[in-house]
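The values are calculated or read from the model by the stated rules, or taken from the named source; none is laboratory data. All of these numbers come straight from a predicted model, not from anything done at the bench. Cβ atoms come from the backbone with ideal geometry, glycine included; neighbour counts cover every protein chain shown. Heavy atoms of the whole protein, side chains included, go into the accessibility calculation; ligands, DNA and RNA do not. Shrake-Rupley method; radii C 1.70, N 1.55, O 1.52, S 1.80 Å.
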Amino acid sequence: MGLLDKEFSDGNIVIARVDDLMNWARLSSIWQLGFGLACCAIEMMATSASHYDFDRFGVIPRNTPRQADAIIISGTVTLKMATRIKRLYEQMPDPKYIISMGSCANCGGPYWEHGYHVLKGIDRVIPVDVYVPGCPPRPEALLEGLLKLQEKIRNESLRKKIA
Amino acid sequence: MKQYLKNTFDGIYTVLVGMKITFKHLFTPAVTIQYPDVKVKLPDRVRNRLYVNMDDCIGCDQCSRACPVSCIEIETVKSIPGEDLGITSNGKKKALWVTKFNIDIAKCCYCQLCVFPCPTECIYMTDVYEFAEYERSNFLYKFATLTDEESAQKKINYEKFQAEKAAAAAKPKPETPAQTENKSE
Amino acid sequence: MKNPEEIFELLKNEFGDTILGLDKDTPTESIILVDSMNINKIGAFLRNNNDLKFDSLMVLSGVDDTNGTKVKDEDGTDMISGGTLSVYYHLHSTNLKHKITLKVSTPRENPQVESTYNVWRTSDWHEREAYDMFGIIFLNHPDLRRILMPYDWEAGYPLRKDYKNPEFYKGMKVPY
Amino acid sequence: MALKTETMVLNMGPQHPSTHGVLRLELEIEGELILSVKPHIGYLHRCFEKHAEAMTYPQVIPYTDRLDYLAAMGNNFGYVIAVEKLLGIQIPERVEYIRIIMAELQRIASHLVAIATNGADIGALTPFLYLFRDREYILSLFEMTCGARMLYNYMWIGGLSHDIHPDFVRKTKEFIIHFRPTIIELNNLLTFNKIFIERTANIGILPIDTAINFGASGPVLRGSGLPFDVRREDPYSIYNRFDFEIPTGKGLVGTVGDCWDRYYVRVLEMEQSLRIIEQAIDNIPEGDVHSAIPKRIKPPKGTVYARVENPRGELGYFIISDGNLNPFRVKVRAPSFVNLEVMGELCKGHLVADVIAILGSLDIVLGEIDR
Amino acid sequence: MYQFLYDLIGNEILAGLLVAVVPLTIILVFALFGIWLERKVSAHMQDRLGPMRTGWHGWLQTVADLMKMLQKEDIIATDADKTLYNIAPVLVFSGSFAAYAVIPFSSKLLGSEVEIGIFYVLAISSLVVAGILMAGWSANNKYSLLGAMRAVAQIISYEIPTALIVLSMVMLMGTLSLDKISQMQTSSFWNWNIFGGAVFGLSKFLLIPFMFIAALILFISTLAEVNRVPFDIPEAESELVAGYFTEYCGMKWGMFMLAEYGNMFAVSAIIVILFFGGYQSPIGYFGNSIGVQWLVPFEQGFWFIAKGLTLVFVQMWLRWTLPRLRVDQLMTVCWKYLIPYAFLNLIIIGIISLL
């Protein structure tokens, strides 16, 4: 598995510096898997367009799961699509993150009551790091979700957590 | 042969025209809004996060009936006559204790159908769009101002009042109606 | 430019009893009721006859008109048995500019309708969708399988009024 | 003895950079040549029709937004006209004018995305960003009036949710002045670019009779030369008061009905929409947009089928009401659902790269295909 | 330079290694700078800002990408051909790195003054094709196979127009060694080959239009060899997901990117040497005029890299303006347009050089 899972002894000064450097590198170049599901995908494209510019945060759309670090689940996840997303998630190399964008991906959104074919939230299939609310969320809301993900990566550490 | 030369000339000419346009754009100023440092002021009718001003809410359940996604849950307890629950901003007398007012913003589809039917305009959409969370359970916003034991207390009062009224009604009919009249003002 | 009554007369004397009737009480458009087993012949006639020329099928929609009797299922939910499922055909002619609606109804137990695949190619997917949502079998349709739902969905036909959600699908909990 | 070759089945799966969302194309290819294309849809089936049966009439409108999420105003317009025809109520003039302006602005925004993704599929990434930058201009107009950027819930049964913003008229005029030169810039950069012409001319040729037989509509049908437009065929609302042409494919570069024609019809349609907006923006009559909204909407028993010209084609709503608050059955005739059927016909004998160009020129949206 | 180092250290293996390290650092530094430049150029051409948050205007962005790729888990598909899968990136990178051995950055900074310089570059750069084919085949993925097939067809068929143009230039110059070619285009830009070479006379003026055509053909065909738009069909992201490196992740994919940017600079270096006067400065040397002799090689290095970067900028500029060609159109451009024009050019230059 990736570097992240090795345990190092705690409280080592050198580790602290390397930690920040590793985290900084991982968070400032999150490559998103370029695929969208529904209306939130159009808002995600608008975010990577000139007005809100995902590239400012180092986010480039990569097409193969092999080279992607994060998936932005943008849109309604149906049961037929859920198995595909699970397989995509497994194809990605290890330090990987998931942003669930929009009400549909968070908990089924407007389709939670009568949607017989809608999966009620992507966290039933893959572990989600950041939930971005909105239907569809504004591009700034998605950027704020990305900043929250970057915060989360910043506090990750190679050290073994002392419970 | 003529078509051959025309193709070559066309190919080169249109490529140069395209390159002129992109080069011109190299010097036009970028339109990017640098989000975290520069936050654009949104227009006033913008629809983002829902907010309920609880001291205006009379618990009439109009908004939860109008919501297509039914993400608003309201529970109310009738107040016993003597209690004073205050006046809403537009002067309507409040008669119900709102013990539970939950909006599951994760389900909300931001269609603003709940804002129009509200008699006291206490539910409206603010322009706050930065509320991403790490946990999904944080999306369940509880607006009710009564704490749990207070609402339990209200319920008990109401049941007690109900039992009294039933007992009073079961007693002889003639002389009780006068009293209940003034008691219920 | 013909209005529905003239078209109904024309069809009546062409096909006789297979045209069941003209229903005019709906506020906006009148519907011609047709027998389900030879919709194909009627469709071909409507398309090729040169003063009708209905060359484009706008929409083909299945409807579960719940006119059967309510029956209690074993776990208490009410199922509908008997009654009919019907299919509406909205036709339009691009050069004569007139529109018509046909209605076909079949029994709910084994709903069978003639496919109009060779008359209008657009009915291919519309019929597959009607089969997917209501279970209406279209005879001699090239490949009648589900189009919107997963191909291995056994929990019945979703748009029927008495449809119940399955508990699990491929390990994922379906209801909320 | 011929070499025994085996065809390869290539799966352009639900996750593919240029399938405009979640569409799976099963290509049977021999080397690069395509023998057959089988589209698999249903990856975004969100059970709209089941929801429509469970909601009251006004509550269905937010769900119609989410059908063709690139032209939400057009979906509202179609549904609202169908229910008003059922109710038989009279709409004030002001509402009609504002609805037409909003629908035409939405047509421009939707065509911008269609052209942008068509160009990006063929490799030109810069026009994609220029057109999205112009689309932001229109989205800010919508956000100013009804508060949402993409899914508006703006057109209600009998009226509108908000009246237009005080400086909406001025901003729209500014937009028209700003937008015209960008169309010319797009034409120089992409439309008449030799490589773009090489990639799209004479590819995916759709003759008129197969187009009609397949029930195609909108730019796909008009690209093949038939000037069929619901705004002119059976005019709804007050479209007959405005004069605008119906651009059709003329085969300027390749033959009539190829990818380039379908693309160029969209560019010309944006011009026509600008003309309509110019005619409508100056004489919006006074009046109250909430006056004709009925308090309780209970239409009489009956069926109605109303058609609207959406940017992707003819969007139809077939509503059966049995006289109570919820519609008994709502069936949506989605233009992309019908246009995608032509895909199997168009792609025979082309190369793998052409499938992407043809799919881009059909301009499908998965939200309304899978409903 | 090898001689200079050999005198310094004495041991020829160590000196050889050191000579190899200098172009390696140039490639690495250029690759880091090139990727950042590409993202900023593409951003500003599209009215946006590009990387901004890692250092001033995001200059640390590629360093962050590199370190992130080092931390990625390295997935090898179970039924991928392991050995070929691992050799492919090394082969592709060594193919493009080997070309730097003969490229004269300045009169002093020169890998090895090999007599057959340009011939060696053509030979070595076709090693990349083998690497790409290995990558595409070993990943056992349909898209990579398609991408690899296209890459082989494209690079091999575009070697012919490159070879023809190089042939016509060598015919004019008379020598194969890149160093000598640069030296022949001395002092001011008027003596560059693009303006007809150093010898003054009627043939110089006659040559100018054909030199422009030759430079254009060489630029287009080397664009195709480096898989840059409008010829980036092997890794066409809109069709083949990511072409032949679909299955590569982390640092292996990084090697492909390094090789691509190394190739880009190598190719533009060849064009600069053949047409734009190698390391000669267009306006004379500052070092000569103030008598400081040891400054001249550094100035030559500066001018060489400046010209190389302008051509790399033009390659990027083309990438963000043009759509992508289809595979068969790619072949028609090469066989029906570039090769006939190259032949014609070769004949005409031959005739003129006889005058």
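Of the candidates B:S137, B:S151, B:S79, which one comes out as most mobile in a Gaussian network treatment of chain B with C-alpha springs shorter than 10 Å?
B:S137
By what distance, in whole Å, do the Cα atoms of region E:75-354 stretch along each of the three principal axes, largest value first?
Projected onto the principal axes, the Cα atoms of region E:75-354 cover 63, 43, 34 Å.
Check D:W156: other-chain or 5+ apart residues with amide H under 5 Å from its amide H, H built from backbone geometry?
D:S161
When the accessible area of region B:50-161 is split by element with a 1.4 Å probe, what percent falls to carbon and sulfur?
Within region B:50-161, the accessible surface is 52 percent carbon and sulfur.
Given a Förster distance of 51 Å, report the FRET efficiency between E:N140 and C:T77 from their Cβ-Cβ distance, rounded to the nearest 0.05. Don't skip to the end; give the middle numbers.
Working: r = 50 Å, r/R0 = 0.98.
Using R0 = 51 Å, I get an efficiency of 0.55.
So how much accessible surface do A and C hide from each other in total, probe 1.4 Å, in square angstrom to the nearest 100? Before the final figure, lay out each step's value.
On the way: alone 9430 and 9680 Å², together 17860 Å².
So the total buried area for this chain pair works out to about 1300 Å².
Roughly how many Å² is the accessible area per residue of region B:50-161, as a whole number, for a 1.4 Å probe? Walk me through the intermediate numbers first.
Numbers: 5310 Å² over 112 residues.
Roughly 47 Å² per residue, with all protein chains present.
Taking only protein heavy atoms and a 1.4 Å probe, what accessible area per residue, in Å², does chain D have with all protein chains in place? Walk me through the numbers before you get to the answer.
Working: 9820 Å² over 371 residues.
Solvent-accessible surface per residue comes out at 26 Å².
With all pairs of different alpha carbon atoms counted, what Kirkwood hydrodynamic radius in Å does chain B show?
Working: mean 1/r = 0.0450 Å⁻¹.
When all Cα pairs of chain B are included, the Kirkwood radius is 22.2 Å.
Determine Rg/Rh for region E:1-78; Rg is computed over alpha-carbon atoms and Rh is the Kirkwood hydrodynamic estimate from the same atoms. Write out the running numbers ahead of the final one.
Working: Rg = 18.8 Å, Rh = 15.6 Å.
Result: Rg/Rh = 1.21.
Need one number: convex hull volume per residue for chain D, Cα atoms only, in Å³. Don't jump to the answer; show the numbers that get you there.
Numbers: hull volume 50.7 nm³, N = 371.
With only Cα atoms used, chain D gives 137 Å³ per residue.
Quick one: what does P(r) look like for the protein assembly as shown with 20 Å bins over all Cα pairs, in whole %?
Taking every Cα pair in the protein assembly as shown, the percentages come to 10, 36, 33, 16, 5, 1, 0.
So what is the accessible area of region E:28-149 per residue, in Å², with the probe set to 1.4 Å? Intermediate results must be reported in sequence, preceding the final value.
Values: 4770 Å² over 122 residues.
Dividing the accessible area of region E:28-149 by its residue count gives 39 Å².
If one takes the longest principal axis of the Cα atoms in chain B, at what angle in degrees, from 0 to 90 and to the nearest 10, does the Cα axis of helix B:148-170 lie?
Between the helix axis and the principal axis of chain B, the angle is about 40 degrees.
Report, in order of residue number, the helices in chain D meeting two criteria: a C-alpha extent of 15 Å or more along the helix axis, and a mean Kyte-Doolittle hydropathy of at least -0.5; treat each whole DSSP H run as one helix. Display every interim value, and only then the final one.
Numbers: long enough: D:72-87 (22 Å, 0.77); D:93-122 (44 Å, 0.43); D:125-146 (31 Å, 0.47); D:168-186 (26 Å, 0.23); D:259-282 (36 Å, -0.27); D:335-346 (17 Å, 0.62); D:352-362 (16 Å, 2.17).
Span-like helices here: D:72-87, D:93-122, D:125-146, D:168-186, D:259-282, D:335-346, D:352-362.
With just the Cα atoms of chain A, tell me how far they stretch along each of the three principal axes, in Å, largest first.
54, 35, 27
Would you mind giving the total buried accessible surface between chains E and A, with a 1.4 Å probe and ligands, DNA and RNA left out, rounded to the nearest 100 Å²? Walk me through the intermediate numbers first.
Details: alone 16850 and 9430 Å², together 23530 Å².
Roughly 2700 Å².
Out of all Cα-Cα pairs in region D:1-103, roughly what percent, to the nearest whole number, are more than 19 Å apart? Write out the running numbers ahead of the final one.
Details: 3318 of 5253 pairs.
Value for region D:1-103: 63 percent of Cα pairs lie more than 19 Å apart.
Structure shown: which of B:K92/B:K142; C:K99/D:K250; C:K2/C:K41; A:K86/C:K170 lie over 18 Å apart, alpha-carbon to alpha-carbon? Spell out each step's value before the answer.
Details: B:K92/B:K142 24 Å; C:K99/D:K250 29 Å; C:K2/C:K41 20 Å; A:K86/C:K170 12 Å.
Over 18 Å Cα-Cα: B:K92/B:K142; C:K99/D:K250; C:K2/C:K41.
How many nm separate the modelled label positions at C:T69 and C:Q112, each set 7 Å beyond the Cα in the direction of the Cβ?
In this crude label model, C:T69 to C:Q112 measures out at 2.5 nm.
At each listed q (0.22, 0.23, 0.27, 0.28 Å⁻¹), what is the log10 of I(q)/I(0) that the Debye formula gives for region C:72-138 modelled as equal alpha-carbon point scatterers?
One equal scatterer on each Cα of region C:72-138 leads to -0.99, -1.05, -1.23, -1.27.
For region E:95-176, which whole-number percentage of the solvent-accessible area (1.4 Å probe, protein heavy atoms only) is attributable to carbon and sulfur atoms? Could the numbers behind the result be given before it?
Details: 2210 of 2860 Å².
Ligands and nucleic acids excluded, carbon and sulfur reach 77 percent.
How many square angstrom of accessible surface are buried between B and A, both sides summed, with a 1.4 Å probe and rounding to 100?
Working: alone 13540 and 9430 Å², together 20450 Å².
Chains B and A together bury roughly 2500 Å² of accessible area.
Calculate what fraction, in whole %, of the accessible area of region D:202-324 sits on carbon and sulfur atoms when a 1.4 Å probe is rolled over the protein chains. Mind showing how you got there, number by number?
Values: 2230 of 4180 Å².
Summing carbon and sulfur atoms, their accessible area is 53 percent of the total for region D:202-324.
Hey, what do the phi angles of region B:50-59 turn into as Karplus ³J(HN,Hα) couplings, whole Hz, using 6.51/-1.76/1.60 and θ = phi - 60°, x for Gly and Pro?
7, 9, 10, 8, 5, 6, 9, 7, 9, x
Would any residue of region C:132-176 have its amide N under 13 Å from a label point 7 Å out along Cα→Cβ of D:H40? List them or say none.
It comes to C:146-153, nothing else.
Between region B:127-170 and region E:254-319, how many Å separate their Cα centres?
With region B:127-170 and region E:254-319 each reduced to a Cα centre, they are spaced 75 Å.
Please sort through the DSSP H helices of chain E and keep those with an alpha-carbon extent of at least 20 Å along the long axis and a Kyte-Doolittle average not below -1.0. Could you put the intermediate results ahead of the total?
Numbers: long enough: E:12-45 (49 Å, 1.67); E:82-98 (24 Å, 0.98); E:142-173 (46 Å, 1.29); E:202-225 (35 Å, 2.00); E:251-275 (36 Å, 1.45); E:296-319 (35 Å, 0.82); E:339-354 (23 Å, 2.21).
Membrane-span-like by this criterion, though nothing is claimed about a membrane: E:12-45, E:82-98, E:142-173, E:202-225, E:251-275, E:296-319, E:339-354.
Taking amide hydrogens as modeled 1.01 Å from N in the peptide plane, which residues meet the under 5 Å criterion relative to D:N310, leaving out close sequence neighbours?
Here D:L315 satisfy the definition.
When N counts the residues of chain C, how does its alpha-carbon radius of gyration compare numerically with 2.2 N^0.38 Å, as a ratio?
Details: Rg = 18.1 Å, N = 176, 2.2 N^0.38 = 15.7 Å.
Relative to the rule-of-thumb radius for its length, chain C sits at 1.15.
If I take R0 = 45 Å and measure r between the Cβ atoms of D:N202 and E:I76 in this structure, what FRET efficiency does the formula 1/(1 + (r/R0)^6) give, to the nearest 0.05?
Values: r = 43 Å, r/R0 = 0.96.
Given R0 = 45 Å and the Cβ-Cβ separation, E is 0.55.
Grab the beta carbon distance between E:A20 and E:I347, set R0 = 56 Å, and tell me the FRET efficiency rounded to 0.05. Mind showing how you got there, number by number?
On the way: r = 40 Å, r/R0 = 0.72.
About 0.90, to the nearest 0.05.
When the accessible area of each residue in region D:220-267 is compared between its chain alone and the complete protein assembly (1.4 Å probe; ligands, DNA and RNA ignored), which residues differ by at least 40 Å², being lower in the assembly?
So the qualifying set is D:E233.
What pairs in C:K161/D:K85; E:K72/E:K307; B:K154/D:K295; A:K152/B:K100; C:K24/C:K53; E:K40/E:K252 have C-alpha atoms more than 30 Å from each other? Please report the intermediate quantities before stating the final value.
Values: C:K161/D:K85 26 Å; E:K72/E:K307 36 Å; B:K154/D:K295 35 Å; A:K152/B:K100 33 Å; C:K24/C:K53 23 Å; E:K40/E:K252 24 Å.
Checking Cα-Cα distances, E:K72/E:K307; B:K154/D:K295; A:K152/B:K100 exceed 30 Å.
Out of residues 5 or more away from A:T78 or on other chains, whose amide H comes under 5 Å of its own, with H placed 1.01 Å from N in the peptide plane?
A:L119
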